[in-house]
1. For the chain, with the dipole built from +1 on Lys and Arg beta-carbon atoms and -1 on Asp and Glu ones, taken about the Cα centre, which of Leu124, Tyr89, Thr11 lies farthest toward the positive end?
2. Within the range 76-104, name every residue whose backbone N is under 18 Å away from a label modeled 7 Å from Cα of Ser22 along the Cβ vector.
3. Ranking request for peptides 7-19, 133-145: highest mean number of other beta-carbon atoms within 10 Å first, then the rest in descending order.
4. How long, wide and thick is the range 1-78, going by the Cα atoms along their three principal axes, in whole angstroms, largest first?
5. Quick check for you: with a 1.4 Å probe and neighbouring chains kept, what is the accessible area per residue of the range 11-152, in Å²?
6. Expressed as cubic angstrom per residue, what is the convex hull volume of the alpha carbon set of the range 1-137?
7. Can you give me the C-alpha center-to-center distance between the range 88-151 and the range 1-71, rounded to a whole angstrom?
8. Share of antiparallel DSSP beta bridges in the range 11-152, in percent to the nearest 5?
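The values are calculated or read from the model by the stated rules, or taken from the named source; none is laboratory data. Everything numeric here is computed off the predicted structure, so don't read it as measured data. Methodologically, a virtual Cβ is constructed for each residue, glycine included, from the backbone with ideal geometry; neighbour enumeration extends over all protein chains shown. Just so you know, the surface numbers come from the protein's heavy atoms only, side chains and all, with ligands and any DNA or RNA stripped out. Shrake-Rupley method; radii C 1.70, N 1.55, O 1.52, S 1.80 Å.
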Amino acid sequence: MVTSAHAAEATSSPLAPSTDHSLTLKMVIGHDQHWLSLADIETTPLYDVDMQHPEGPEGRFTGVWLDAFLEDHGIQPEDRVRFIAQDDYSVFLSAAERQKTRYLLVTRLNGDPLSREQLGPLLLVAPEDAEAVLTGILPHARWIWAVREVRRQ
Ligand SMILES: Nc1nc2c(c(=O)[nH]1)N[C@H]1C(S)=C(S)[C@@H](COP(=O)(O)O)O[C@H]1N2
Ligand SMILES: [Mo]
């Protein structure tokens with residue numbers, strides 16, 4: 001079997017979940033709309049990955065696995081989801097895309113919440129693709145940052 005020596009690996013995080021209850025992420029699931037805080041998001045188990053983001057930020061990224069997060073909030077593996085950013089950039093991730101590539105919904109960099117300059121407050125990365133994205137072998141059009149909304153499509 002051939003494995004990539006450089007794919008960033010995620011490990012279980014020792015960080016305690018956030019206690020910040022300010023509402024940061026809008027969830028739209030059918031007719032239901034509600035907002036989640038970092039504390040709400042981090043009730044899903046946290047993972048750490050050491051990597052560099054192609055836009056610059058580098059270090060220990062901490063977050064929740066996207067599919068675990070979605071399921072914890074009523075969105076199923078077979079659902080298509082749409083993400084919308086503060087700059088109105090938007091991406092769709094189908095069930096098949098999320099099966100092919102595991103995305104981490106990042107909530108922290110080096111232990112702290114991410115500022116807008118660090119691509120926060122929330123961003124998507126695919127740790128397994130990190131090295132290939134950095135060297136330009138893979139596109140990172142799905143690596144949306146400054147996420148403000150998640151919709152079940
Ligand atoms: N919030 C946000 N995320 C984004 C983008 C964006 O414009 N806004 N551009 C996407 C695209 S198309 C790519 S290729 C990468 C890099 O975008 P850039 O080349 O515009 O810097 O980030 C992705 N994530
Ligand atoms: Mo792009």
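1. The residue sitting farthest along the positive end of the dipole is Tyr89.
2. 86-87
3. In decreasing order of mean packing, 7-19, 133-145 become 133-145, 7-19.
4. Computed over the Cα atoms, the extents are 45, 30, 26 Å.
5. The answer is 48 Å² per residue.
6. 124 Å³
7. 9 Å
8. 90 percent
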